[in-house]
1. Before I look further, what does segment 355-427 give for accessible area per residue, probe 1.4 Å, in whole square angstrom?
2. Set the bar at 22 Å for Cα to Cα. Now go through LYS407/LYS462; LYS541/LYS607; LYS407/LYS470; LYS543/LYS607; LYS281/LYS396; LYS396/LYS462 and name every pair that lies beyond it.
3. Give the accessible area for TRP566 in Å² (nearest 10); use a 1.4 Å probe, count only protein heavy atoms, and leave out ligands, DNA and RNA.
4. Return the sequence-ordered ³J(HN,Hα) values of segment 420-434 in whole Hz as given by the Karplus equation 6.51 cos²θ - 1.76 cosθ + 1.60 applied to θ = phi - 60°, using x for Gly and Pro.
5. Please give the solvent-accessible surface of THR442 in Å², to the nearest 10, using a probe radius of 1.4 Å with every protein chain present.
6. Specify the inter-centroid distance of segment 504-567 and segment 246-272, based on alpha-carbon positions, in whole Å.
7. Protein chains only, probe 1.4 Å: how do SER216, SER486 rank by accessible area, largest first?
8. Would you please give the residues with an amide H less than 5 Å from that of GLY585, counting only those at least 5 places away or on a separate chain, with H modeled from the backbone geometry?
Amino acid sequence: MTDRDLASGITETTEVQTPAGVPENGPAGAETAAGGQQPGDGPENPATKPVRIRPSVLTDGGAKAVPAGAAPEETAAPAAQKAAPAAQAAEAPQEKPADPPRAQQAQPAQPVQNAPEEEEEDEEDAFRIPFGRIFAVLLFLLVLAGCGGYAYKAQQYENRFFERTSINGVDVSGMTASQAENIFAEKAENYTVDVAFRDGSTETLTGEEMGFGYVSDGSAARYLASQDKWQWIYGYLEDRAYTMAESFTYDDAQLEAAVRRLPELQATRMKAPKDAYIEQKDNGFVIVPEEEGETVNPDVVVEAVRAQVQQDALRISGEAVNTDRKEGEVQKAAAVINVAELENAYAEPAVRSDNEELNKQVNKLNKYLAASITYVLPDGEKRVLDAETTIGWLSKDKDGKPYKDDKVWDEKVVAFVDQLYDDTNTMGRSRKFHATGIGEVTIKGGDYGYQMDYYAEIEQLKQELKDGKKVEREPVYWNWEYPGHSQDNDGIGDDYIEVNLSAQMVYVYHDGKQVVSSPCVSGTTSNGHGTPTGIYGIMFKKKDATLTGDIQSNGRPEYSTKVGYWMPFYDGCGFHDAWWRSAFGGTIYKNSGSHGCVNMPVDQAAKMYEYVEPRMPVILYY
C-alpha cells in the first residue's frame, strides 16, 4: 500500500472467493463486486468475483465490498442492485429447492490465500508516519487549543472583574458588577433602629420599613466596562484597585409613616401627665408627686429617628466590609433612641413636687394646722382650737385641692371669736344672790363679769395660727371677774361687797364670812345723783386720793375733796371715807347724799380697805 493509498483512507485490501450458488450476502455477510481472479484457477469463474474490503466502510451488517480502484459511492450502487434480488428472495417463502444437476453442484469453498510475506511487510511500512509530520500536527493542535482556551477565558471576563481586582479594599475578582455592589449593599442588610420609651417598652424599626438601603452610583459597572477582556491575562500579573463612593439612603415618607405607626404614639395609648398637688393626710398636708404620663410628641420622635438614620448612613458607608458577617446578622443603629432623653418629647407636668410655690403653700398650711390654742373659759371648761377645726377653714379649688383663701380664712377666725365671745361674756347678766337678812334676790345690770376684748382676741388668734403656736390661755378680756374666786353664789363667789341701798348698809364678806358691816350714805336720789344698782367690780384701791367733780363752765371742778381711802367700782363712783360727815344711814341719801359715791365712816372705810382687792364683786340693790 502506497502513501497515496494511506492518504486516501484505504487501509487494507483482501481478496475473497465466493462459492458458486451462494448469495452475495452469504454467510460471511460480505458483498462482492466484479473483478479479480483467484491464483491457480482457470478461466474466470463467473460464479466467483474478486473484491477488496475497505474496513473504513464496514457496516453493522458486514463489510461492504468495494472494487479495487473504485470510489465507495461508485461500487455501492451495483452491489445494492445485486443484493436486491437476494433480499427479495430471502423475504419470499422458503421452499426446499430441487437437487441441482450434479455438474452444477457447488464446489467446496476454497480457503483464502494469503498474500506473500513481502506484500505484508510493505503494508506495515505504509502505516508508519514520519515524526516531523506528527510534531507539526500536534503543535498545530496545541496552538489551536491555546487560542481557543484564551478566547474562552476572555469570554468569561466579558462581564466579570479580572483577578486581583479590588474595590474599596474588597476583593471582587471574578465577580459581576452587581455581585460587587451587593457586597457593599449587605452592609445595610437587616439594619434596625431601636426606640425606647419611658414605660419600659422598646420598639424596633427595620430598614425595610424605612426604605433604608444601598444606592449604587454606577461606578462598579463603569470600572467593569473599562477593562478589555482580551487582557485578562494581566489580572494574574498585576493588582487593580478601584475606589467608589458608598451611598446609603432612606425614604423619608416611609420613615415618618413607620415611626408614627408605633403603638406608643397612638392617642389611645397615651396618658396625660398630672401635676403635683397638696393632699390632706390625717390632720396635715403632704405633696403628692407629679405623674409624668405617657403623652409623646410624634414630631420629636420622627426627627430623632431621621437624625439617627442619617448618621448611621454615613457611618455604615465608612465602615469596612465585614467578611465574617453571618447570614441574617442584624446591623444595629449606632445608639438606642431613648425618647425620655429627647427634649420636649413628653408632655410634662406644669407643677412638680419641688415647685417652690407649692412647697411654700404646704408648709404654710401645715404651720397653720400645727397651731393648737387651748382656751380656758370662766367656768373652767377648756376649748381647743387645732387642726381638726382649722382644716375645715381651708378652701378647695375646682379639682378639690385645698388651699388657704385669706378672706375665707379670716371670716372663719371672726366666726370662731364671735362664738367664743358669746360663750365667755358674763358681764351684766342676771344673777341670783343670797342677800343679807333678806334671802335670795335676782340682781341684774352692772359691769361685773367677763367680757372679751373682741378685736384684740381676733388679732392675737390670727398671729398664733400663722406662727403655728401651741398655747393654753384665757381669751383676751377687757373686763373680767374677780380672779381666783369660786363660782358659788351664781358666779359671785365667797368674797364680795354687798350694799343694801334701801337699808343704807355695807357688808364685806371674805371666804364666805362677814368681816365688815357699816352704815353709809349713798348718792342723792332727789337730784339724780343716786348710786347705780347692779353688780360691779372694784377697779382699784388707793389711799390719800383727791376726788374732783365735773369741770364747770368756769373751768373749775364742781368739787375737789381729799380722802384717806379710795375704792372706785364704776365711772367715778366708789367707796371712800367721809370725814366731814357725822351721821350715816337712815334717809340722808334722799336729799343730802353724795354725788353717787358710797360714803363711810373713816374707821369702817379703813377696815374695808384691808379686805378689798381689784375685781372684787360689788352688789348694789334697793
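1. Numbers: 3910 Å² over 73 residues.
That works out to 54 Å² per residue.
2. LYS407/LYS470
3. Only protein atoms counted, so the area is about 30 Å².
4. The phi angles translate into 4, 4, 5, 7, 10, 6, 10, 5, x, 6, 5, 9, 8, 10, 8 Hz.
5. Result for THR442: roughly 90 Å² accessible.
6. 100 Å
7. SER216, SER486
8. Result for GLY585 returns CYS520, VAL521.
The values are calculated or read from the model by the stated rules, or taken from the named source; none is laboratory data. Small disclaimer: the values here were computed from a predicted structure and weren't measured. Here the Cβ is made from the backbone with ideal geometry for all residues, glycine too, and neighbour counts use every protein chain on show. Areas reflect the complete protein model, heavy atoms only, side chains present, ligands, DNA and RNA absent. Shrake-Rupley method; radii C 1.70, N 1.55, O 1.52, S 1.80 Å.
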